[in-house]
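Below is one structure; the comments refer to it alone.
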Amino acid sequence: MTDSKETHGIDPEEAGNSTQQVESHGSLRQEISNAMVGLYKTHFGKGPVRCRTYLDPDLIVVVLGEGYTAGEQTLFEAGRWHEVRSARQFWQDSMEERFVTTIEELSGRTVGAFMSANRQDPDFAVEMFVLTPEPAAEPASP
């Protein structure tokens, strides 16, 4: 049995070395981005055009761009931005369990907190996952 932390986990020791982090976590970042876009497409009806995932030892941030629907854009143009942002926030809140489960399965870590935000101009949504700190490794017995 392979330890999921070994294959997907975010190693705090590697976090300070950005080159090493990019190389070792590129696959995980791509998997998370693909999964989040897929969740948007399946449950919102439209996926974002752009998506980038950022990894830190105890934090995962997913930035999605160009995801508003034509209907939402029409409402923005009619001055109904507050209603669109509220509806989008309600949707994102209702997706919390799906988002968190996806992040936990892919990262091999436990999500301690989830936060979500939107912006119309520029068109961005942000999904942020604060990971529960991993317990410190016990020193090896002599």
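The set of residues in the range 51-106 that are surrounded by fewer than 17 Cβ atoms within 10 Å (Cβ to Cβ), outside any helix (DSSP H, G or I), of a type outside the set (A, V, I, L, M, F, W, C) and more than 14 Å from the chain's Cα centre (by Cα) comprises GLU66, THR69, GLY79, ARG80. Mind listing just one residue for me: the one in the range 53-73 that is at pLDDT 95 or above and of a type in the set (Ser, Thr, Tyr) and, of those, farthest from THR42 (Cα to Cα)? The residue in question is TYR54.
Annotation: ARG109 fulfils all but one of (1) among the charged types (D, E, K, R); (2) surrounded by 14 or more Cβ atoms within 10 Å (Cβ to Cβ); (3) in a helix (DSSP H, G or I); the unmet one is (3).
The values are calculated or read from the model by the stated rules, or taken from the named source; none is laboratory data. A quick note: this is a predicted structure, and the numbers were derived from the prediction, not measured. All Cβ positions, even for glycine, are placed from backbone atoms using ideal geometry, and neighbour counts span all protein chains on display.
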